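S.K.: Have a look at the structure that comes next, please.
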Amino acid sequence: MTRVAVVGAAGYIGGELLRILTTHPEVELAAATSRRLRGRQIDGVHPNLRGRTRLAFCAEDRLDHYDVLFLATPHRETMRRMPEFLGRADTIIDLSGDFRLRCADTYEDYYGVPHEATALLGTFVPGVPEFHRERLRTADRVSVPGCMANAGILALTPLAEAGLIRDEITVDARTGSSGAGATAGSENLHAERSGALRVFAPTRHRHEAEISQATGLPVRMTATGVEAVRGVQLLCRARLADGAGERDIRSAYRERYADEPFVRVVAQRRGLHRFPDAKILSGSNFCDVGFALDPESDGVTVIAALDNLVKGGAGNAVQCMNIRLGLPESLGLDFPGLHPN
Amino acid sequence: MTRVAVVGAAGYIGGELLRILTTHPEVELAAATSRRLRGRQIDGVHPNLRGRTRLAFCAEDRLDHYDVLFLATPHRETMRRMPEFLGRADTIIDLSGDFRLRCADTYEDYYGVPHEATALLGTFVPGVPEFHRERLRTADRVSVPGCMANAGILALTPLAEAGLIRDEITVDARTGSSGAGATAGSENLHAERSGALRVFAPTRHRHEAEISQATGLPVRMTATGVEAVRGVQLLCRARLADGAGERDIRSAYRERYADEPFVRVVAQRRGLHRFPDAKILSGSNFCDVGFALDPESDGVTVIAALDNLVKGGAGNAVQCMNIRLGLPESLGLDFPGLHPN
Amino acid sequence: MTRVAVVGAAGYIGGELLRILTTHPEVELAAATSRRLRGRQIDGVHPNLRGRTRLAFCAEDRLDHYDVLFLATPHRETMRRMPEFLGRADTIIDLSGDFRLRCADTYEDYYGVPHEATALLGTFVPGVPEFHRERLRTADRVSVPGCMANAGILALTPLAEAGLIRDEITVDARTGSSGAGATAGSENLHAERSGALRVFAPTRHRHEAEISQATGLPVRMTATGVEAVRGVQLLCRARLADGAGERDIRSAYRERYADEPFVRVVAQRRGLHRFPDAKILSGSNFCDVGFALDPESDGVTVIAALDNLVKGGAGNAVQCMNIRLGLPESLGLDFPGLHPN
Amino acid sequence: MTRVAVVGAAGYIGGELLRILTTHPEVELAAATSRRLRGRQIDGVHPNLRGRTRLAFCAEDRLDHYDVLFLATPHRETMRRMPEFLGRADTIIDLSGDFRLRCADTYEDYYGVPHEATALLGTFVPGVPEFHRERLRTADRVSVPGCMANAGILALTPLAEAGLIRDEITVDARTGSSGAGATAGSENLHAERSGALRVFAPTRHRHEAEISQATGLPVRMTATGVEAVRGVQLLCRARLADGAGERDIRSAYRERYADEPFVRVVAQRRGLHRFPDAKILSGSNFCDVGFALDPESDGVTVIAALDNLVKGGAGNAVQCMNIRLGLPESLGLDFPGLHPN
Amino acid sequence: MQKVVNGPECPECAAEVTIDGDARVSEIVECLDCRSELEIASVQPPTLTLAPDVEEDWGE
Amino acid sequence: MQKVVNGPECPECAAEVTIDGDARVSEIVECLDCRSELEIASVQPPTLTLAPDVEEDWGE
Ligand SMILES: NC(=O)c1ccc[n+]([C@@H]2O[C@H](COP(=O)([O-])OP(=O)(O)OC[C@H]3O[C@@H](n4cnc5c(N)ncnc54)[C@H](OP(=O)(O)O)[C@@H]3O)[C@@H](O)[C@H]2O)c1
Ligand SMILES: NC(=O)c1ccc[n+]([C@@H]2O[C@H](COP(=O)([O-])OP(=O)(O)OC[C@H]3O[C@@H](n4cnc5c(N)ncnc54)[C@H](OP(=O)(O)O)[C@@H]3O)[C@@H](O)[C@H]2O)c1
Ligand SMILES: NC(=O)c1ccc[n+]([C@@H]2O[C@H](COP(=O)([O-])OP(=O)(O)OC[C@H]3O[C@@H](n4cnc5c(N)ncnc54)[C@H](OP(=O)(O)O)[C@@H]3O)[C@@H](O)[C@H]2O)c1
Ligand SMILES: NC(=O)c1ccc[n+]([C@@H]2O[C@H](COP(=O)([O-])OP(=O)(O)OC[C@H]3O[C@@H](n4cnc5c(N)ncnc54)[C@H](OP(=O)(O)O)[C@@H]3O)[C@@H](O)[C@H]2O)c1
Ligand SMILES: [Zn+2]
Ligand SMILES: [Zn+2]
């Protein structure tokens, strides 16, 4: 049995890690930390785990050494404490934003503070199995992308790699409320957030830097909070390279994703479910990717959807862990999602 | 022009009072207080009022004297400060729970603290136009009922008065999130509250004391938070008195409410909208009341719905003000609600 | 491998059966019927199954013989066709309402039509593992209870059996829209149904007959459609038998459900999640049961929640199948549900 | 009193017209047609109007002659029947899509059928008070823009007119379910539509033609159904003309909209409500317009929101009527919207 | 203005039902209180009977 | 492995409460059944009392 622990386990990403790890057949969840709730049963704040575990949260200073340590702590905080965490596990899988960008300047530009562990920046392997699987097999430091970033990376990289799109890409992202974490504030008060169409990033959402880094293309991204708890959907616009057409796009995706367990290409001509929709992805580790060409211009609309807490966070992290441990990649991740939901 | 002011104007009831009062043709909104937001424009937290007013919140110590003063402050706090408020207006309309119950012991029983202004308890007229219209014409102190209480009072009093029901009444109330006010806490975090069916009062919800006081019958009440921002619906069960039947019930409501501008009897045999549903009442001052008899027993189900912030709060308070000022009772209250919504 | 088939597989219960059966390790899903969609891929209407199966719907006349046949067809229709279905499988698991009530008169009373296969009525074993496990081990005909009925049966039977409650029980049920199936009509139009608090059964909801049959007590039940796709919650009121108290109630549940894999007792004194709430049960096979005593009377409020499509339907049916086949009872049913959701 | 009638009055736009017209102080609602519901009370399908009117729907052949006739009928059908309607009123206000585009070819291109009343195409004045007020004062034929189109026109025209933006504009629109009308189908079934992020137009939504016609700029538009009943929000991206900056944008809006009763510029630096959000606009006739400049590029994001049934339909139509009749422009349209909602 | 006959009682809820002066036997009218569908059984004097109910089964 | 003492009953709901072997007087433990907060009153033998309730007023 692999011994794993989760730091920041009282939060939403932490809780989702606990859900997956407590049902994962090859790991033993050895510790889950919370400063505020130490000593309390984890099912007190994660009531879906009732009857599944009798684990209680522990304080961080009770951590010992684990095979894998997941970090589900806020950015800024995570980089400060990374040296300490590195000593506590063979493999660190970080879900915060602190080690996703390779370049310290870009970090400062998008996060508004200087990076405090620049020496470590280059040492993390991106937690994107679809593009870094080989490196992940031996990686001891993994940095999982942001929820919207992952959707953008999976949607756009195959087209960028194949040279099928050019120029600037625009991304219109929509996100549910769990993306903001479990901290109460007036912005997340039910009466305020419910039914909102809140453009919280009219330009330059942070995740654009990650998508740009992965695709090598300039990206302009907005983000809007929509009525949902879980779920992210991206609507991206790009211009086709000269001569590129629908078949090229479809082939590029097919080639890239034919054997991927968790990426599905959804671009159908009929039915209710023609393009990726986060509604049916809650709890699943799928990222659905689709596209449509404008018949009158060189524009292509690319659409991606995922559950921000799963393929946009905890599920993707466990997929990385499975790869690192040489386990079947889908272990613990086979829930397909619900319909209707 | 009547000069009015609102204390606690940054909250949800306060905001709804501002909405109604800024469009009311016969009043001048002279002041709106907030401790936290004093000096700020009121449309900062009440964005629906953009373009309607340039009023800023003021601190409470800036209040002078008004024709009518509305109190939209928390219970407990309100009773402590009532003596001070009484000096600031000809007519006080209190929306808190502090002066609704005539009996200090019942207050302590349901609110968990002793009443601190018992001498004032009997001096408030219940803000229920349907049953206290005459007293309201000259009342200087009005205590508006609780949101769910008002629905229960309007649904059950006609039957109790007419002797058509007997024994204990049970009330199962469902409420939206705005009923809990504008203070952020984990219980009202969107991701937690959204889609919830949260039984927050499995027995003895406070409003049962108000309904019992009004109807003279024992009441047992539960309350569940449901997915909605606005809206309250009550499902009440009672037993028919000997010999009472469907026509008696219908007549009792008809007689009571035929001329009431804001109570509608909704008990239809066909269609989608057979019984009261809060969905179509948002923003309106209606309380809809309906009923159905069990064909096989002496049970009757009584259903009531209203918008907790309007007929369950601010709208009802303005209706009381209109009566007190001798204005047409519906002034400022004619928005019928939306469908679909 | 056990060969199973689903009739009525294009509906919501049918789809949920497909979800569970396609991931169940010990069964082979051999056929799924739809009249309207025969020949079409099942993931066309059940998009969550994309990538999980390449099965297409077949017409009913293509059915051959199976180990287990699930019926997810409308009531009335099912009883007419039952003789035909009986010939097509060793074990029939019926999810319709047609064989739940033992008494033909009660059926006619609640369903409005005479029963057309009265000779078969007594031959079905109730699909309630918690109370009929032994009979289910050898049952060839299983009739799974209604979604709300199952919640009521699980909540109330332990108390009735132990003689802890007496007299009439009232049940106030709240349900999401998937309970009405996949047929479009104005009552289920999004703009009409969204946010509704629709009392569609103000008295005598059909499921009261099932709860009454199981508990032996008179039941009066109402049902309200609330904003949710999945999920049922029941709020039941009963009177305690003389001398019965909180500990007796708790012990009765403990004894009954200590070893049950899918019933949890949720009656907590603190926290956000004190009583059963369907919000966290989507996709899971749990029924949560809780209670609270009125400190001032002999009243007890009993609360139950489940996902109507899982423990209220398809999941419960698969649990019955597992028992019948001698498989571990939780096989294919281990998804714990999501939080937040 | 002005005598008005509504054709297609059982639909969602029809119902909203009835809501506004029954409370409008200067008009008499003389007739409301429905083929399916002729003879039935209008409050049967528009339950918010209970107690407001005793009008019943009439068949279309019962129409006589009115001062103003509103058409709330489907496109294609409306153009066929326009000659007949023209004879029934002094002023026709058409809410369908059939007379919005000046060019028959563009119509065919976007609606997929040839226009059948091309001779009438040029005779309709666009129902956009903000840009055609003078013509509307005497117009006998008014064609109100599409819901999303109106948001786009109001958001972009001031910038286009002032030469502040150049090249192609992209528009990502989000819309609630009432935009699709009151006809039940599986695409609008609550369980399917609820919580959806459904990209129903990945390219070339019809309303792009209207926005392009009004602004003179090429437009590429997508549309996504989001969880809401009412409400439209547009997120538009454009490039600034050389030298244009934030102040120019703000001035252009200010100049255009300073005196407009129903357009508000919302582009704030602080608070929860910095940009236009349809959440607070339900029932109101406002279109809120805002913008943000990308600090690192020449990109500008423009955001607009409105209630599709009000400023995107019925309210805008009544505003046009008020202008035509020489009435105060806001008459019957003063509901400011609700917060929270 | 349509002539109205000051009408008979709704057999379901006893509300007074208003019928048009030119109404004919077997036409359907709606009771404004309980919204039953009522059939005009006779016009002189006006009498009403309950029209057969269409089943509304919301299944939930 | 932590040592556990097979514990006393929860004073609220009579569930058996498990306490760590190294628990001290006045520490707070949670009843796994009813989630009351319980204070360890003594360790030899282990006894529990109900910790004072924080008021949870959800106001609605
Ligand atoms: N939510 C998403 O969709 C998503 C997706 C991908 C990645 N992420 C990333 O995952 C991380 C966690 O996100 P979340 O949404 O789960 O946030 P969250 O719900 O706010 O949880 C964060 C947890 O971290 C702990 N914490 C807070 N401040 C801390 C500090 N200064 N030091 C140590 N621990 C602290 C808190 O628990 P205690 O205070 O009890 O210790 C809290 O439960 C963030 O870096 C986020 O960017 C989030
Ligand atoms: N919400 C409903 O549905 C509803 C219906 C009927 C009646 N009521 C009653 O109406 C009152 C207000 O309810 P609400 O929902 O509007 O609550 P809310 O949103 O929490 O607002 C209360 C306001 O009172 C002010 N306040 C808070 N504590 C105060 C104190 N100690 N002294 C003075 N002011 C204080 C706050 O503003 P500052 O801190 O900025 O001053 C706050 O904006 C309550 O008594 C409630 O029971 C509510
Ligand atoms: N929804 C729930 O929560 C729930 C819970 C427990 C039990 N149930 C019961 O499960 C059954 C199915 O419910 P559902 O919600 O899944 O309904 P549904 O979504 O309407 O599906 C019923 C399916 O049955 C087929 N069908 C319809 N009429 C038929 C007929 N005359 N003969 C044969 N097949 C017919 C239809 O498919 P084709 O027309 O394509 O053949 C349809 O897909 C019902 O008996 C219901 O009472 C439902
Ligand atoms: N929904 C919006 O947000 C919105 C906004 C702006 C403009 N519009 C436009 O307004 C019009 C009405 O839209 P809606 O959303 O209200 O649609 P709707 O809810 O479907 O209503 C359309 C109404 O037209 C009647 N109708 C249908 N087919 C007809 C035909 N062939 N001939 C005559 N009447 C027919 C129907 O009533 P009966 O069958 O009972 O006669 C129906 O009630 C459409 O042209 C739409 O494009 C809609
Ligand atoms: Zn009637
Ligand atoms: Zn306990």
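The values are calculated or read from the model by the stated rules, or taken from the named source; none is laboratory data. Everything numeric in this text was worked out from a predicted model, so none of it was measured. Note that each Cβ is placed from the backbone with ideal geometry, even for glycine, and that neighbours are counted across all protein chains shown. We work out accessible area using only protein heavy atoms, side chains counted, and drop any ligands, DNA or RNA first. Shrake-Rupley method; radii C 1.70, N 1.55, O 1.52, S 1.80 Å.
S.K.: On average, how many beta carbons from a partner chain sit within 10 Å of the beta carbon of a residue in D:218-229?
M.R.: The shielding value for this peptide is 5.
S.K.: Would you work out which of A:224, A:290, A:190 lies farthest towards the positive end of the dipole of region A:148-306, given +1 charges on the beta-carbon of Lys and Arg and -1 on that of Asp and Glu, about the Cα centre?
M.R.: Value computed over the given set: A:190.
S.K.: For residue B:259 and residue E:9, what does the FRET efficiency come to when R0 = 25 Å and r is the distance between their Cβ atoms, rounded to the nearest 0.05?
M.R.: 0.75
S.K.: Something else: Share of the protein assembly as shown's accessible area from carbon and sulfur, percent, 1.4 Å?
M.R.: That fraction is 45 percent.
S.K.: If you don't mind, another one. Which whole number gives the average count of other chain Cβ atoms within 10 Å of the Cβ atoms across peptide D:294-301?
M.R.: Mean inter-chain Cβ contacts per residue within 10 Å come to 4.
S.K.: Summing Lys, Arg as +1 and Asp, Glu as -1, what charge do residues with Cβ under 12 Å from the Cβ of residue D:93 carry, residue D:93 excluded?
M.R.: Overall, the nearby charge balance is -2.
S.K.: For the pairs A:279/C:279; A:311/C:311; A:279/D:311; C:279/C:311, note any where the Cα-Cα span goes beyond 22 Å.
M.R.: Table pairs above 22 Å Cα-Cα are A:311/C:311; A:279/D:311.
S.K.: Something else now. Please list the non-local residues whose amide H lies under 5 Å from the amide H of residue B:263, H modeled 1.01 Å from N, same-chain partners needing a gap of 5 or more.
M.R.: Amide H neighbours of residue B:263, under 5 Å, 5+ apart: B:287.
S.K.: Place a point 7 Å from Cα of residue B:56 in the direction of its Cβ. Which residues in region B:1-43 have their backbone N less than 15 Å from it?
M.R.: Under cut-off, by backbone N: B:31-43.
S.K.: Moving to a separate point now. With r as the distance between the Cβ atoms of residue B:242 and residue B:113 and R0 = 35 Å, compute the FRET efficiency 1/(1 + (r/R0)^6) and round to 0.05.
M.R.: The formula returns an efficiency of 0.25 here.
S.K.: Another question, if that's okay. Please give the charge dipole size of the protein assembly as shown, origin at the Cα centre, charges +1 on K and R Cβ atoms and -1 on D and E Cβ atoms. Round to the nearest 20 debye.
M.R.: The dipole of the protein assembly as shown has a size of about 1880 debye.
S.K.: Further question: Rolling a 1.4 angstrom probe over the protein heavy atoms, how many square angstrom per residue are accessible across the protein assembly as shown?
M.R.: Accessible area per residue, the protein assembly as shown: 34 Å².
S.K.: Something else: Taking the highest mean first, how do the peptides C:194-203, F:20-29 order by number of other beta carbon atoms within 10 angstrom per residue?
M.R.: Averaged packing, sorted descending, gives the order C:194-203, F:20-29.
S.K.: On to the next question. Compute the distance from the alpha-carbon center of region A:228-279 to that of region C:111-173, in whole Å.
M.R.: 47 Å
S.K.: Under the Karplus relation 6.51 cos²θ - 1.76 cosθ + 1.60, θ = phi - 60°, what is the ordered set of whole-Hz ³J(HN,Hα) values for region D:279-294, x standing for Gly and Pro?
M.R.: 3, 9, 9, 3, x, 9, 9, 7, 10, 9, 10, x, 7, 8, 9, 6
S.K.: Here's something else I'd like to know. Non-local amide H neighbours of residue C:182 (under 5 Å, H modeled in plane, Pro and chain starts lacking H): which ones?
M.R.: Amide H neighbours of residue C:182, under 5 Å, 5+ apart: C:12.
S.K.: What is the distance, in nm, between label points placed 7 Å from the Cα along the Cα-to-Cβ direction at residue A:250 and at residue B:36?
M.R.: Placing both labels 7 Å along Cα→Cβ, they lie 5.5 nm apart.
S.K.: How far apart are the residue A:83 label points across copies, placing each 7 Å from Cα toward Cβ, in nm, shortest first?
M.R.: Counterpart label points of residue A:83 in the remaining copies fall at 6.2, 8.4, 8.7 nm.
S.K.: Continuing with the same structure: Residue D:104 label points, 7 Å along Cα→Cβ, one per copy: pairwise distances from this copy to the rest in nm, shortest first?
M.R.: 7.0, 7.0, 8.7
S.K.: If you count, for every residue in C:174-185, the Cβ atoms of partner chains within 10 Å of its Cβ, what is the mean?
M.R.: Mean inter-chain Cβ contacts per residue within 10 Å come to 6.
S.K.: Solvent-accessible area of residue C:12, probe 1.4 Å, all protein chains present, reported in Å² to the nearest ten, please.
M.R.: Accessible area of residue C:12: about 10 Å².
S.K.: Residues with amide H under 5 Å of residue A:28's amide H, sequence separation 5 or more or different chain, H placed in the peptide plane at 1.01 Å from N; which?
M.R.: Residues meeting the criterion, in which the H sits 1.01 Å from N, are A:2, A:3, A:4.
S.K.: In deg cm²/dmol and to the nearest 500, what is the mean residue ellipticity at 222 nm of chain B if only DSSP H runs of at least 4 residues count, each as -39500 (n - 2.57), divided by the residue total?
M.R.: -8000 deg cm²/dmol
S.K.: First select every other residue whose beta carbon is under 10 angstrom from the beta carbon of residue B:166; then total the charges, Lys and Arg +1, Asp and Glu -1.
M.R.: Net charge in that neighbourhood comes out at -3.
S.K.: Add +1 for every Lys or Arg and -1 for every Asp or Glu among the other residues with Cβ under 13 Å from the Cβ of residue B:341, and state the total.
M.R.: 0
S.K.: Residue C:59 label points, 7 Å along Cα→Cβ, one per copy: pairwise distances from this copy to the rest in nm, shortest first?
M.R.: 4.1, 7.2, 8.3
S.K.: Which value, in Å² rounded to 10, gives the accessible area of residue C:190 with a 1.4 Å probe and all protein chains present?
M.R.: The accessible area comes out at roughly 0 Å².
S.K.: Taking the alpha-carbon centroid of each part, what is the distance from region D:18-94 to region A:295-309 in angstrom?
M.R.: 41 Å
S.K.: Taking the Cα centre of region B:148-306 as origin and charging only Cβ (+1 Lys, Arg; -1 Asp, Glu), how large is the dipole, in debye to the nearest 20?
M.R.: Value, rounded to 20: 380 debye.
S.K.: Chain pair B, C: how much accessible area is buried, both chains summed, with a 1.4 Å probe, in Å² to 100?
M.R.: 4100 Å²
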